[in-house]
């Protein structure tokens, strides 16, 4: 069949349209082009586009205006990048042969178990860009709602690891940590890197920027140092200092995850299977051997019950073992923000206070960082069980962690001090009573409306904790913004939501 | 919140780009426009676009070329149509408030039951165009794999009926039929319409065009008469003749179905729940009261086992009852094509032979049509049980069905005789033996490669049936095409597939 199909292909001249479609491969063709006319474009929703050395699958959009002239063809930027087209190139379009791995997606929709081979074919095709958003969403949905058992999650994770680059640090032990999101201000990562690197472990930490939160670790660290480094630069920093805190966006580790996570965000779901596969595939591909996972549990955290957390812990550890990672899961308190600052610069200030052993350093943030660093130190086998936190504490109090932190920042190109935003407003208690609840989601939203993370110094500085006895008029938190307008948006949200902080 | 969000909106001038995106609402904006810059377009995957009287939700594609100039905005054709924009209009874009019904989609992903209210909100938002393809695919997938119970299917069906126009024919009994696809040549619908309308029942039949098959009923009837009629024209035809055979594409009955069915086709799945909701919502919205559903069962038909067919029959009848339809399901033989012709004109020829009682009329097609027309006549209560087929036969043999058929064609604007395609090739048996199997899917594919349905007179004329004793060299079927090229494509497929017809 392939021969006859190829005979039916058409040749068109590439025109740059510069259309960003959020990753989907789209091909633009005129309605009067040969292929559209001869096949009827309704039937041609997905086609193959080739140039002299490679080919991609793309969704067809048909153009009826003069955006394209006779004989021209356009591509979305994602498709152009994948096909590596340059200007004035000639492209060939042809029928799409069936994508075999979609039969596994259908099998999963019909509740069948998939094996490694099936996941491997699916993930390979996803990385190739052969799946449309419709196919990706069906795969995500069919795997959600506890429809993957732990063997399937292991196989999915292995397939995702195999789909991209895999780093090798030539070290016996390479440690990493990950927090299952949802807790504002909980910026332990830079502290943990500084502690364990100062202790002598290797921790080449890559982090993400915020997508829906007021700050990601990369946003916070960018206040203090450069985080966009090349692979070679990262290697040099890690070899010199034993650790780094860089943005992981360019690393091409587990590239399927980057595609799937966008679909999960669009659906606003976090399926257990995808979550585990996402986290552990990234860690394994990054060359980690020992990983501590922090799962904060709370009604407004991502994981809402101890039961869910225990199940996730159990599955994380089984899958970790299956993919050759030494995984320790720590379930922590997720009922309120950690630290005082929420927003890049405000969180950076917290981090420096802890590292410098300042008297007003947020104790909760320090304790959380010591717990996680301690677990990593224990996991590495360098101290006996139960001595990890203590060891981590010595590294902080001795000033070695701060020293290491500054050294890594300098190795990454600069160390800059965080500054506060010029516009602020103090939010005070409207009545006296006990502080009963802090809504993590709403306080994060408030910080975002004030401008974080785009405005680095915007956000919230918290003055209170759960169970504090509050006097009417007492300062609860300060809102910071870089413009009066942003401060007003945040204030308006505060005024229409009386359950951000509940005092009873 | 809504107020502050609206303040953040931007005004841009509409430019016609003429981009057909297969129904999805897409908005095109320059990367340097105010909203993209101030919010970061990664976060803005879905936005609200408004003109002076209405608004839509659309997926954002960002343009970096001069396809759009400063201050301009573009829309996909589906979005432009929904927003009813004319040239040079000013559009406003703003943040998208959360789409509440997506929480029900998520609930379904997590295996919860949905009620009527939930389905109604989902379907209403789908018809509004508020769901992206990602959301639609998640909804379809979450409902597939037997994840809808019969109450949910009933509620989904009711919601789909309520989402569009509902016709009312002012008749106590309005009959209809539907065949659960997959059987080439099985063109009983025009025969059933002619018989029951001649008998005195009302059957305002709307049909679809082929999407993946070599002919839909609308394609076949278009050979003989006009099928694209306005609502007023359809009403006039039905009032005069008691029946019609028109294309249903413009009727806006159960519009959610038109959206969902495209996603199901892209995924190549047919979930039971969506199938039942699709068929019965269309029938109910079209004003039918009594419906016969034909389910052909065979290894290469859509429904592959008697067990699946029985379950589908059971659920169809329960849901029919729940939505106020009198539904009778008939399970028929789906092991081979019905009639001799496969392709619009060839099927039209079969239909005329049956209506004219010609000696070489295909008996299987006639018997299938008599069975279905008979069931409808019995269902209407006008004859006693067991007398339907006999009654239908009298209508055919008396010539009244043919007379009615011609009358309806003329009421629809013309009656044209079908013609055969100029290029043909005879496919003969390569050995003697018994005809064991006909692969419905492969023979349909062969007919499509010959040019059907775009080439009306292309297709296949079958000369044999299952279990026939075949002599080597005997004519099995004739391939017809409108060009030598298309004939060659079909021939090439035939040559590389020796299991289209199996003789042993």
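The values are calculated or read from the model by the stated rules, or taken from the named source; none is laboratory data. Keep in mind the model is a prediction, meaning the values are calculated, not measured. All Cβ positions, glycine included, derive from the backbone under ideal geometry; neighbour counts span all protein chains shown.
Of the residues making up region B:444-456, just one is touching a strand residue (DSSP E or B) at 6+ places or on another chain (Cβ under 8 Å) and surrounded by fewer than 24 Cβ atoms within 10 Å (Cβ to Cβ), namely B:455. Among the residues in region A:139-150, are any more than 30 Å from residue A:110 (Cα to Cα), more than 14 Å from every other protein chain (Cβ to nearest Cβ) and not in a helix (DSSP H, G or I)? No, because not a single residue in region A:139-150 is more than 30 Å from residue A:110 (Cα to Cα), more than 14 Å from every other protein chain (Cβ to nearest Cβ) and not in a helix (DSSP H, G or I). Any residue at all in region A:107-119 that is under 21 Å from the mean Cα position of the chain (by Cα) and either more than 8 Å from chain B (Cβ to nearest Cβ) or surrounded by 19 or more Cβ atoms within 10 Å (Cβ to Cβ) (or both)? Scanning region A:107-119, I find no residue that is under 21 Å from the mean Cα position of the chain (by Cα) and either more than 8 Å from chain B (Cβ to nearest Cβ) or surrounded by 19 or more Cβ atoms within 10 Å (Cβ to Cβ) (or both), so the answer is no. Of the conditions (1) within 19 Å of residue B:277 (Cβ to Cβ); (2) free of Cβ contacts under 8 Å to residues at least 40 places away in the same chain; (3) more than 14 Å from chain A (Cβ to nearest Cβ), residue B:170 satisfies every one except a single condition; which number is it? Just one mismatch for residue B:170, condition (1).
Does residue B:53 fit the bill of being at the interface with another protein chain (Cβ under 10 Å from one of its Cβ atoms) and within 34 Å of the chain's Cα centre (by Cα)?
Taking the combined requirement at face value, the residue does not satisfy it.
Scanning region B:66-96 for residues that are without any contact (Cβ under 8 Å) to a residue 12 or more places away in the chain and within 18 Å of residue B:54 (Cβ to Cβ) turns up B:81, B:86.
When each of B:130, B:70, B:66 is tested for being assigned to a loop (DSSP other than H, G, I, E, B), within 9 Å of another protein chain (Cβ to nearest Cβ) and either at pLDDT 95 or above or under 28 Å from residue B:14 (Cβ atoms) (or both), the lone residue that passes is B:66. Of the residues contained in region B:460-479, one or more are found to be surrounded by fewer than 18 Cβ atoms within 10 Å (Cβ to Cβ), in contact with a helix residue (DSSP H, G or I) (Cβ under 8 Å, 6 or more places away or on another chain) and outside the structural domain of residue B:346 (by TED's automatic domain parsing). How many residues are part of a helix (DSSP H, G or I) and within 29 Å of residue B:132 (Cα to Cα) when one looks only at region B:206-264? Number of matching residues: 10.
Report whether or not residue B:333 is under 27 Å from residue B:458 (Cβ atoms), surrounded by fewer than 20 Cβ atoms within 10 Å (Cβ to Cβ) and in the same structural domain as residue B:204 (by TED's automatic domain parsing).
yes
Would you check if there is a residue in region B:183-191 being in contact with a helix residue (DSSP H, G or I) (Cβ under 8 Å, 6 or more places away or on another chain), free of Cβ contacts under 8 Å to residues at least 60 places away in the same chain, crowded, with 24+ Cβ neighbours inside 10 Å and part of a helix (DSSP H, G or I)? Within region B:183-191 (the criterion being in contact with a helix residue (DSSP H, G or I) (Cβ under 8 Å, 6 or more places away or on another chain), free of Cβ contacts under 8 Å to residues at least 60 places away in the same chain, crowded, with 24+ Cβ neighbours inside 10 Å and part of a helix (DSSP H, G or I)), the answer is yes, since at least one residue qualifies. Residue B:301: more than 24 Å from residue A:108 (Cα to Cα) and crowded, with 18+ Cβ neighbours inside 10 Å, yes or no? Here the answer is no, as residue B:301 does not meet what is asked.
A residue that is without any contact (Cβ under 8 Å) to a residue 12 or more places away in the chain and over 22 Å from the mean Cα position of the chain (by Cα) occurs nowhere in region B:333-352.
Determine whether residue B:159 is more than 10 Å from chain A (Cβ to nearest Cβ), within 22 Å of the chain's Cα centre (by Cα) and buried (at least 24 other Cβ atoms within 10 Å of the Cβ). It would help to see each step written out before you state the result.
Numbers: more than 10 Å from chain A (Cβ to nearest Cβ): yes; within 22 Å of the chain's Cα centre (by Cα): yes; buried (at least 24 other Cβ atoms within 10 Å of the Cβ): yes.
Yes.
Where residues in region A:75-101 are more than 9 Å from every other protein chain (Cβ to nearest Cβ) and part of a strand (DSSP E or B), which of them is modelled with the highest pLDDT?
The extreme case among them is A:75.
Check whether at least one residue in region A:23-34 is modelled with pLDDT of 95 or more, more than 23 Å from residue B:60 (Cα to Cα), within 13 Å of chain B (Cβ to nearest Cβ) and assigned to a helix (DSSP H, G or I), and report yes or no. No, that holds for no residue.
Here is a yes/no grid of residues against (1) surrounded by fewer than 23 Cβ atoms within 10 Å (Cβ to Cβ); (2) without any contact (Cβ under 8 Å) to a residue 40 or more places away in the chain:
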residue: B:211; (1), (2): yes, no
residue: B:214; (1), (2): no, no
residue: B:217; (1), (2): no, yes
residue: B:220; (1), (2): no, no
residue: B:226; (1), (2): yes, no
residue: B:231; (1), (2): yes, yes
residue: B:234; (1), (2): yes, yes
residue: B:240; (1), (2): yes, no
residue: B:244; (1), (2): no, no
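Each row is one residue, and each column tells you yes or no for (1) in the same structural domain as residue B:193 (by TED's automatic domain parsing); (2) more than 26 Å from the chain's Cα centre (by Cα).
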{"residue": "B:382", "(1), (2)": "yes, yes"}
{"residue": "B:389", "(1), (2)": "yes, yes"}
{"residue": "B:392", "(1), (2)": "yes, yes"}
{"residue": "B:397", "(1), (2)": "yes, yes"}
{"residue": "B:402", "(1), (2)": "yes, yes"}
{"residue": "B:416", "(1), (2)": "no, no"}
{"residue": "B:427", "(1), (2)": "no, yes"}
